Amino acid sequence: MTISTEHGPLRERVAAFLADDPGRLFIGGRWVAADETFASLDPATGAEIARVARADAAQVDAAVRAAGDALAAGPWERMRPAERSRLLWRIADVMEEHLEDLAELETLDQGKSLGTSRFGEIPAAINQFRYYAGWPTKILGETIPTSLSRTPAGKEVFAYTRREPVGVVAAIVPWNSPMIMTAMKLAPALAAGCTIVLKPAENTSLTALYLGRLLQEAGLPDGVVNIVTGFGHDTGQALVDHRGVAKIAFTGSTAVGKRLVSTAASRLARLTLELGGKSPSIVMPDADLDAAIAGVSRGIFDNGGQVCVASARVYAHRDVYQRVVDGMAAAGEGLTLGHGLAAGTDLGPLVSAVQAERVASYIDEGAADGVTVVTGGTREGDVGTFFRPTVLTDVPPHARLMREEIFGPVAVVTPFDDLDEVLGWANDSDYALAASVWTEGLSNGHRIAARLQAGTVWVNCHSFLGPELPKGGHKESGWGYENGPQGLENYLETKSVVMVV
Ligand code: NAD
């Protein structure tokens, strides 16, 4: 099948950005070239969109130093909380003025449909800044009554805590939802008063670089946010190894996350990890089936399944199993594949050829395990990295298809008869990021939510996320939480001050 990769001309500001040597590093408020560059590709066509700088260790060092300087002295260090609030709100306003540009650039670079970028992800990224704009004026210490026996006669002890920014933050983000992941780190870190060195993923650096220009336009002082682009094993590693980095905020694969634990341990750097998942969805016999089928289908097919919380394992009660399988297959077959910027596209390509090959290899391996491919299972089109929405059944519990994160539009559907049985299967995973349950029974919803092992459980919905909702992984899906007040805590230290008065 031929897939249409035709789309109209790029927006004027996006075209101007791409024409203006966009792939430079943002260090101390200046845009700096690097000796080496690499290509950022349009995954729908394989065409080069731009050259991106590959930061070397000296440039990473300069970025960390710039962040350290901005933290220690200057306008950022002196800025009052209310001004920080206003600045975060201003960043959101400037992003909103450029919403269409950010959406188009995100789609061009990552592949996802323009609708997903325009109405889902970029507005969600903007909301992160608006939510955390309310926090700088509400970061409170406490006064503490003490009973210290060493208090000199006639004196009192006055003790209180201060909440202080943790320091320079290394923010490392993946390629599946670049702008949201960036905003989820930048917004709370800035609210806490930290300074940042951001490393976007090598496949999708462009919106972060565009954002750098918007941060300047919003008036963020030089050095508060620095952006170094490059690959994980060199640029990323140089950043997390840097002794000037007090805190590593990482979203990405569990394999890299585990490696960062040893890196951080060597100097006890603060570390939060938002890692992989293999999220279960349980469809009970009393579920609103139309809603459940639509919800789990979106949960696995949106963004080509390149979503950490994707509903990758669907367990449907045997009474409704066949309808769920048929409904999900129909939902997948009803999606139009195409260039993310082409009119009518529901589903864009996967982010890269490597990713498409990886997804295909899982399906090939499933054939040996006797897996049934109900629909999909193959790449599509002569160019680009398109993969057909896929529904699989008869997947054995031990198969890698059942246990590993595929990060593609691949759902595994399994029938169950009994609640204890299905909860055992759902929880039989190294991951515990998210889960959903579909039932019209209120009590069932609460009970199952309590028994599912996951950082987030949705009842009658999936992938409902927002800046006010704490999000984190249990088990091997992560350490710590983003969003909500918990997300702010990641960027704060507590200092006790004890005075004899
Ligand atoms: P990845 O781990 O390969 O890379 C993530 C980022 O880390 C990239 O910027 C990469 O360059 C960098 N990196 C890689 N090696 C590094 C190193 N040694 N030192 C420092 N940085 C390094 O992940 P990916 O393939 O880009 O993203 C997909 C993964 O992200 C999936 O596992 C997905 O589940 C996960 N993810 C999790 C969440 C969540 O909130 N839990 C959200 C989105 C994505």
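Pick out, in residue order, every one of the GluC sites (Glu not before Pro) in the range 410-501 that is DSSP loop and has at most 15 other C-beta atoms within 10 Å; say none if there are none.
Filter output for the range 410-501: Glu440, Glu468.
Suppose R0 equals 41 Å; then what is the FRET efficiency for Ala343 and Asp290 from their Cβ-Cβ distance, rounded to the nearest 0.05?
The computed FRET efficiency comes out at 0.90.
At 7 Å along Cα-to-Cβ for each site, give me the label-to-label distance between Ala47 and Glu142 in nm.
5.9
Using Cα centres only, tell me the gap between the range 5-75 and the range 472-501 in whole Å.
Between the Cα centres of the range 5-75 and the range 472-501 lies a distance of 31 Å.
Fully extended, how many nm does the chain gain between Thr263 and Arg403 (0.36 nm per residue separation, minus their Cα-Cα distance)? Don't skip to the answer; put the middle values down first.
On the way: separation 140, 0.36 × 140 = 50.40 nm, distance 2.71 nm.
Extra length from Thr263 to Arg403 when fully extended: 47.7 nm.
Could the peptides 336-343, 446-453 be put in order, highest first, of the mean number of other beta-carbon atoms found within 10 Å of their residues?
336-343, 446-453
Enter the Cα centre distance for the pair the range 359-387 and the range 201-232, rounded to the nearest angstrom.
36
How far apart, in nm, are two points set 7 Å out from the Cα along the Cα-to-Cβ line at Asp319 and at Asp428?
2.4
Starting from the Cα-Cα distance between Ala72 and Leu469, subtract it from 0.36 nm times their residue separation and give me the gain in nm to one decimal.
So the chain would gain 139.7 nm between Ala72 and Leu469.
For the pairs Lys112/Lys138; Lys199/Lys278; Lys278/Lys495, flag any whose C-alpha to C-alpha distance is greater than 30 Å.
Lys112/Lys138; Lys278/Lys495
Any idea what angle helix 57-72 forms with the longest principal axis of the chain, computed on alpha-carbon atoms, 0 to 90 degrees, nearest 10?
Approximately 50 degrees, to the nearest ten.
Can you give me the angle between helix 254-265 and the longest principal axis of the chain, using Cα atoms only, in degrees from 0 to 90, rounded to the nearest 10?
Around 20 degrees separate the two axes.
If you take the Cα Rg of the chain and divide it by 2.2 N^0.38 Å, with N the number of residues, what do you get?
Cα Rg divided by the expected 2.2 N^0.38 Å: 1.02.
Give, as ranges by residue number, the residues of the range 59-90 whose backbone N falls under 20 Å from the point 7 Å along Cα→Cβ of Asp241.
59-68
Between the helical axis of 81-97 and the dominant principal axis of the chain, each derived from Cα atoms, what acute angle in degrees is found, rounded to the nearest 10?
40
More than 23 Å apart: what percent of Cα pairs in the range 268-378 qualify? Please list the in-between numbers first.
Details: 2277 of 6105 pairs.
Pairs farther apart than 23 Å: 37 percent.
How would you order 148-154, 433-439, 460-466 from highest to lowest mean count of nearby Cβ atoms within 10 Å?
In descending order of packing, they fall as 433-439, 460-466, 148-154.
Checking the a/c ratio against 1.5 first, then a/b against b/c, what shape does the Cα gyration tensor give for the range 1-110? Mind showing how you got there, number by number?
On the way: a/c = 3.21, a/b = 1.52, b/c = 2.10.
Judged from the Cα gyration tensor, the range 1-110 comes out oblate (a/c at least 1.5, b/c at or above a/b).
Arranged from highest to lowest average of other beta-carbon atoms within 10 Å per residue, in what order do the peptides 205-212, 69-76 appear?
Final packing ranking: 205-212, 69-76.
Would you compute, from DSSP H runs of 4+ residues alone, the mean residue ellipticity of the chain at 222 nm, taking -39500 (n - 2.57) per run and dividing by the full residue count, rounded to the nearest 500?
When only DSSP H runs of four or more count, the value is -11000 deg cm²/dmol.
Could you work out how much longer the chain between Arg80 and Asp21 gets when fully extended? Use 0.36 nm per residue separation minus the Cα distance between them, nm to one decimal.
Computed gain between Arg80 and Asp21 is 17.7 nm.
FYI, it's all coordinate maths here, none of it is from the lab. Predicted model, so just to flag it, every value in this text is computed and none were measured. All Cβ positions, glycine included, derive from the backbone under ideal geometry; neighbour counts span all protein chains shown.
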